1. Taking θ as phi - 60°, what are the ³J(HN,Hα) couplings along segment 93-98 by the Karplus curve (6.51, -1.76, 1.60), each to the nearest whole Hz, with x for Gly and Pro?
2. Can you tell me the relative contact order of segment 97-214? Whole percent, Cα pairs under 8 Å, sequence separation 6 or more.
3. Each label point is 7 Å from the Cα along the Cα-to-Cβ direction; what then is the distance between the points at GLN89 and ASP196, in nm?
4. Could you give each residue of segment 130-136 its phi-based ³J(HN,Hα) in whole Hz, using Karplus coefficients 6.51, -1.76, 1.60 with θ = phi - 60°, and x for Gly or Pro?
5. Report ³J(HN,Hα) in whole Hz for each residue of segment 77-88, in order, from the Karplus equation J = 6.51 cos²θ - 1.76 cosθ + 1.60 where θ = phi - 60°; Gly and Pro get x.
6. Take every Cα pair under 8 Å in the chain that's 6+ residues apart, average their separations, divide by the length, and report that relative contact order as a whole percent.
7. Starting from the Cα gyration tensor of segment 99-230, take the square roots of the eigenvalues, sort them a ≥ b ≥ c, and report rounded, prolate or oblate (rounded when a/c is under 1.5, otherwise prolate if a/b is larger than b/c, else oblate).
8. Quick check: the angle from helix 166-176's long axis to the longest principal axis of the chain, C-alpha only, nearest 10 degrees?
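A short reminder: the numbers here are calculations on the coordinates, not readings from a lab. All values derive from a computational prediction rather than experimental measurement. No Cβ is skipped: glycine too gets one built from the backbone with ideal geometry, and neighbour counts run over all protein chains shown.
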Amino acid sequence: MEKHVQAFLHKISYCFITIATITLLLIILQTPETCVDPYNPHTKFHHRFPKSTCDYKHRAYTSLEKRNKRLWATSAWSHAVQSYLNVFQELQSNNLLSNLSHSFVVSAGAGQAVMALKNMGVTEVIGVEIIDSPPLVSRADPHSLPFFDEVFDFGFSPFLDRALFPGRYVSELERTVNVGGVCLVAVEECGPQEVDEIVKLFKKSQYVEAKNETLAGEKMTRITLKVIKR
Ligand SMILES: *[C@@H]1O[C@H](CO)[C@@H](O)[C@H](O)[C@H]1NC(C)=O
């Protein structure tokens, strides 16, 4: 490249670097102190930005009990619980699940499937999700479950396709379910090829069945597998 062209390009680069730095500085220095309340955008008063993720004082406080009562009374909630209940009852009639199965739900959301298992009479149920929803769901990373190996008889993920690292996610599911136990995963409705791909993620389990079904108001495919080796 000719010297003067190179010098010219360098000049342009410096120019852009300067502009970017100034813009960044402006953004940092000019951050507004307050924000509009997302729950009540028409209010005259603006809230301070939270200083850290733990600073949630600005939110209107609703007791957990009250919030859960409201959530659990919605028809979306009861439809979701009922749809999971139907699936679990079918597993039960096929001897894949019983009231004594130590069960857990990963990616449990707000706990619809956890409630379905409890309502059915399953005595030991644990739900985990990135964000906790007490009392049904505790906080845990699905890719690194805080459980020992083989502690469950039944593991369920209603949203396997939302996993960031499906391979890792599935291996955690298999690790925590004992040999002879059952893994049930649901994904957005898909065909036999995708089902094959998903089954291949399971290195220690045997395919039992796949069914298309509406779960929690969404068309899903659910896949049942049985853990057969360590
Ligand atoms: C499971 O428990 C529920 C509630 O206690 C009970 O109604 C149901 O009969 C039990 N099911 C079985 C198969 O024992």
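1. 6, 9, 6, 9, 8, 9
2. 22
3. Distance between the two pseudo-spin positions: 3.5 nm.
4. In residue order, the calculated couplings are 4, 10, 7, 9, x, x, 7 Hz.
5. 5, 5, 5, 4, 4, 5, 5, 5, 4, 4, 5, 5
6. Result for the chain is 13 percent.
7. It is rounded, given that a/c, with a ≥ b ≥ c, falls under 1.5.
8. Long axis of 166-176 versus the principal axis of the chain: about 40 degrees.
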